[in-house]
1. For q values of 0.08, 0.15, 0.16, 0.17 Å⁻¹, compute log₁₀ I(q)/I(0) with the Debye formula on a Cα-only model of segment 3-245, without solvent.
2. Using only Cα atoms, locate the centre of segment 324-400 and the centre of segment 449-467, then give the distance between them in Å, rounded to an integer.
3. For residue 449 and residue 542 in the same chain, what is the full-extension length gain: residue separation times 0.36 nm, less their Cα-Cα distance, in nm?
4. Where a ≥ b ≥ c are the square roots of the eigenvalues of the C-alpha gyration tensor, would you call segment 447-613 rounded, which needs a/c under 1.5, or, failing that, prolate if a/b is larger than b/c, or oblate?
5. With a point put 7 Å past each Cα toward its Cβ, work out how far residue 271 is from residue 188 in nm, to one decimal.
6. Can you give me the Kirkwood hydrodynamic radius for segment 78-218, using every pair of distinct Cα atoms, in Å to one decimal?
7. Answer rounded, prolate or oblate for segment 363-445, using the Cα gyration tensor with square roots of eigenvalues a ≥ b ≥ c: rounded when a/c is under 1.5, else prolate when a/b is larger than b/c, else oblate.
8. In segment 280-428, how does Rg compare with the Kirkwood Rh, expressed as the Rg/Rh ratio over alpha carbon atoms?
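No lab work stands behind these numbers, since they all come straight from the coordinates. Note that this is a predicted model, so its numbers are computed, not measured. As a convention, Cβ positions derive from the backbone with ideal geometry for all residues, glycine included, and neighbour counts pool all protein chains shown.
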Ligand code: M6R
């Protein structure tokens, strides 16, 4: 996902941009660039498409002086990664520079018209049309924001745009449609960024722009206009994230840091919501009319990738404890399969970023069909959070590594809370059972710590034994089948090893053909209702000489006969085993990727939030 950082103020803008952009590197990018409006009244651009070079290298032949600038990390959609396609893009006269996230769907038509009018294009991007359109509009009005409002009328698609003009020193204008931008306010100047970590070191005072807004910033003033063109005051919020959360703090990689942050992330997601002694849950934002909940006939959970795996766990929880039929669906499938949805369906989207294009589109489709909608999200005020009828935030803090870890366990935590809340309302979970569940739920953070403290050396040893293999198989059953899928996804993403996750019971229907004396097979066999069934699966794999790695319940001596590669998990209620079992699988992927020398925090071809279809 591309990233935007723009600044106008009293400090040297280039330095601020490089710092801010480096904090967005985690989103994945293939090129980077800045444009600075200097004291000479000229815009100086620096762009680079060599990701292996550090951002600071952009400035190796001197920092362009100036107090107003825009910057961008690009994740290519239109036009290959190259210096020419890197943002910012400029108008023919070089007086307008623009950065853009999203896609301008009608850019071909616009480009043809502009070329006919004599404009010269220097890139293959859709973004460049914005700079040329602005050049034309500034012939009609000298007001930079008005020119952007006129330009917007020509654009079809989604966008977050920030731009500067050589004829408008100190000014930045910005506009959004279906793509977020946040204004940061400080005594040293004002910012426009696409993601909070970029401004965390400078300010905690922010305004989240709303869809259709345009903004006009100078070093000490800001004005916001809504879609209709009227000026509007948007609320200034104070964010609580500490800048330290977006730094490695001595860990070699963000992924490792975030794996170890899970105790805190789960704790904070529970905090203030779970009343253990009553077995009750209260959410800050999700306070539905009980009658509405009682009328729900079906629940549909939607998400992509790791978030979809959380949905699969949620299905088990809701059907088992709430007794309402529940489906888990991949958002990109849901949006095109003409789902049967009505006002008695509760559709809940799960997403870290809240900006995943497929998940957003699926939620909108559900809303259009009359569903009651909800979202479980990590990013405050993200598009999904704003559009859903109900929002439950995961309080995991910023997740920097592309491979999701702490947000996944926080999503499961939010699902446990949601299950309890629904159970409180519908009466499907009896008070004594709710108390028992709550008492164990509150212990999970400590159990995560126990796993990390006691099993990390063992997991590293197992990784050393198997990291050279080309294929891995992950098996789990019942509520842990989604964790087998998640274990496989994590390994694929971080180490590029082919890994397949399968329900253990499906082994004999196909995947067993893969098993030979080379294949590592990770089997989740913690205690639960399918324990004996999984034991038979272990036998099946061992008979074919597969190299079994087991996840087993601490103290379960029966598994010692199978293998020496056992990762021990503290005992817990069966419904909570997915949350504990996933932790060592994340660490296994991390160590294997590290041993292979992979780019762990930014794996190739991946981006933190897939905001395009
Ligand atoms: O931001 P979201 O949770 O909506 O993102 C969904 C997936 O793109 C995401 O979970 C992806 O699978 C991660 N790279 C998993 O580690």
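1. -0.25, -0.97, -1.12, -1.28
2. 35
3. Full-extension gain reported as 30.3 nm.
4. Rounded, because the longest to shortest axis ratio a/c is under 1.5.
5. About 2.8 nm, to one decimal.
6. About 15.4 Å, per the Kirkwood formula over Cα pairs.
7. Oblate.
8. Taking Rg over the Kirkwood Rh, I get 0.93.
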